[in-house]
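Structure first, commentary second.
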Amino acid sequence: SKVSFNFTQEVAERIFERDGQQCLFCRLGYHMECKSPMLLQIPDIMHFVNKSQNGLGIEENGVTGCRYHHGLLDNGHAGLRDEMLGMMEAHLREHYPEWDKSKLVYNKWDFLNFE
């Protein structure tokens, strides 16, 4: 099976469905001071482990967000990333009791178990 770091349409639809088509952070009323409300209407899938860190495009690595909150997550200057990742992790653990951050990352040497 081919490794994908992007969410396929099929995976994205399953994530949207799992999350009730709603941004996790909007639902929790998290930092809602958005200057352009239109961004709250644009659905996005947010990676828990970034593609740049070999984060896989799998359901366990994605959370429904909006364009505004996706920007907050990715904008290091906002200083909210750690808190937001904690909220995402709690959400993912609710849905996947066996959730394990290490399984979200592609590692071609996995079978050697480097640590």
- State yes or no: is Gly79 out of contact with any Pro (no Cβ under 6 Å at 6 or more places or on another chain), at positive phi and either aliphatic (A, V, I, L, M) or loosely packed, with under 13 Cβ neighbours inside 10 Å (or both)? yes
- Return yes or no: is Gly29 surrounded by fewer than 18 Cβ atoms within 10 Å (Cβ to Cβ), closer than 17 Å to Arg93 by Cα and not acidic (Asp, Glu)? no
Across (1) surrounded by fewer than 17 Cβ atoms within 10 Å (Cβ to Cβ); (2) under 12 Å from the mean Cα position of the chain (by Cα), Gly55 clears everything bar (1)
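Since every read-out is calculated from the coordinates, none of them should be taken as a lab result. Computed from a prediction, not measured in an experiment: that's the story for all the values here. In this analysis, Cβ positions are derived from the backbone assuming ideal geometry, glycine residues included, and neighbour counts consider all displayed protein chains.
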